[in-house]
1. Find the Rg to Rh ratio for the chain, where Rh is the Kirkwood radius over alpha-carbon pairs and Rg uses the same atoms.
2. In the neighborhood of Cys29, defined by Cβ-to-Cβ distances under 14 Å, what is the net charge if each Lys or Arg adds +1 and each Asp or Glu adds -1?
3. Along the charge dipole of the chain, Cβ charges K/R +1 and D/E -1, which of Leu66, Ala36, Leu6 sits furthest on the positive end?
Amino acid sequence: MFLQVLSHEAESAGRDLIAVNPAGTSHTCSRCGHVAKDNRVTQATFACVTCGHAANTDANAAVNILRAGLARRQAAPAA
Ligand SMILES: [Zn+2]
């Protein structure tokens, strides 16, 4: 139901809606792709144990979600 309403709102605004599974996005480094629970230092702080990338956890996850959505869009057959 929520996605139907959101899809309608996006269409009305001339935007695309691409559903993305957010699982793991808060533990995945948006810079190097390393996945580890230890990357999430606190609820709000992300610090990659591999490359040192540091960011707000939500901002880091948002980059991962955007990237996943763009990948799904590219993979979709042309309409
Ligand atoms: Zn990293």
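Rule-based calculations on the coordinates, nothing more; no lab input. Predicted model only: the values in this text are computed from it and were never measured. Using ideal geometry, Cβ is built from the backbone for each residue, glycine included, and neighbour counts are taken over all protein chains shown.
1. Radius of gyration over Kirkwood radius for the chain works out to 1.08.
2. On the way: positive: Arg31, Lys37, Arg40, Arg67; negative: Asp38.
Counting the neighbours of Cys29, the net charge comes to +3.
3. About the Cα centre, the residue reaching furthest to the positive side is Ala36.
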